[in-house]
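Have a look at the structure below before the remarks.
No value in this document is a laboratory result; all are computed from the given coordinates. Please read these numbers as outputs of a predicted model, since none were measured by experiment. Note that each Cβ is placed from the backbone with ideal geometry, even for glycine, and that neighbours are counted across all protein chains shown.
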Amino acid sequence: MSDIHDEEYAYGDGRAGAVTGARDPGAADERTFEAMPPARGQGFAQTWWGQAWLKALEDTALDLGQLKAGRRLARAGAVGAVSVRPGRITAVVQDRDGTPHRSDVLLQELSAEEWDRFLAMAVEQAGHIAALLDRDMPPHLVEDSSAAGVELLPGIGDLEAECDCEAWDHCGHTAALCYQVARLLDQDPFVLLLMRGRGERELLDALHVRSAGRTDAPEHPEEHQDAAPEGVSAAEAYADGAILPPLPELPAAPSGPGSPPALDTETEPAAGLDVAAVEFLAAQAAAEACRMLTDALVPGHEGHPVEEELSVSEDAVRLAAAAPGPTVEARLAEVSERGPDGLALAVRAWRYGGRAALHILEQEWTPEGDALARARAALEAAWDEGERPRLQAARNRWTVVGFAQLRHGPDGRWWPYREERGRWVPAGPAAHDPATALAVASETST
């Protein structure tokens, strides 16, 4: 068993606050971690190396019922402070009835020769140590270690259980300890290296000595002329994609756009700079980014075609639809080459259906073949016999003279228009049924 005395653990209720030791990066022989709070509704491992640790446990344990019991205990916060030393992790785990059990899990330490090979590899690949210091364990580190004959992550049968409940295999107590340690590994992969025999400070000191030795050594460039180029080949990097961890779950859609920074400062703006216009553009950029992100989080979005970028003229209408104020509207009318009245009409269309509605307003097209046949069939089916209004057809527009107009879109939808001061103006959003669209035009014309 362990040489840590039970008195180091306060049984209490087995939750956070059950005895802790402060982390000491300079201590190579032991680190003690506070009891962690319950993990209800959370996964025990988010990183790929934490998941590899749990896979070693689940592949080793013979009784799935004990694994389930261990998960329940760990989620309930029944694992006390965890002591991590070379070759062993220890904690007091409380049963559901409050009975405490001293539980240990053993992992084989690396030999001196294996540590020598690991250090030699790490000195050659400084990025590996930089990643560890950033509390990350890149797959290449594990791969390069394995290539050097050093297995960092445990495999099947590597996690040996000891518990005073006298179970001969992993019991619920040792399983709970392993699940809790997975959370520790997520936060700091140096915990794994300590289990393998070297603490963080000891490991970094050894690397520093080796790096200094390489720096002080005389250089002989002629000996390295045929050395392999540094870095990783594209083929190798692509192949590593198979061992990368799964992507995290998508975040929740934002509730709304963020607020851009205020430009109201005591400093006078530069000559010709319209501060109000810049603030308006910033707010619209935030709103558009929010819309795009919300659309991207909809399931199946990856199967949708990529939207074409708006033209300058179309984007001017989009901005004008956000009511920027008279000064900006005048500039947008000029940029869009529509004039004030034309821009107002385009904005009305945009608010009913965006780019598609704008195209229906400004562009005509002639339905032919199947498109024309489907349009005529829709018109025939929209009204009962004798109720269909008299429509005059011209290209994609069917008009009830002096009353309303239906404009047929390439996507098969019908857009309602009404006559207003001698011109046809948008009267509502598109409908798949021409009778519905005509009813909307009738309501808005009364």
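Details
- Between the range 364-382 and the range 388-446, the Cα center-to-center distance that results, in Å: 14
- Projected label points at residue 306 and residue 29, each 7 Å from Cα along the beta carbon direction, are separated by 6.1 nanometres.
- Modelled this way, with points 7 Å down the Cα-to-C-beta line, the labels at residue 72 and residue 322 are 5.5 nm from one another.
- Among the chymotrypsin sites (Phe, Trp or Tyr not before Pro) in the range 370-423, those placed in a DSSP loop whose Cβ has at most 15 other Cβ atoms within 10 Å are 383, 403.
- The listed peptides 271-282, 316-327, 182-193, ordered by packing as a protection proxy, come out as 182-193, 316-327, 271-282 (highest mean of other Cβ atoms within 10 Å first).
- Modelled spin labels at residue 64 and residue 294, positioned 7 Å past Cα toward Cβ, are 4.3 nm from each other.
- Order by protection proxy (mean Cβ within 10 Å, highest first), peptides 150-161, 360-371: 150-161, 360-371
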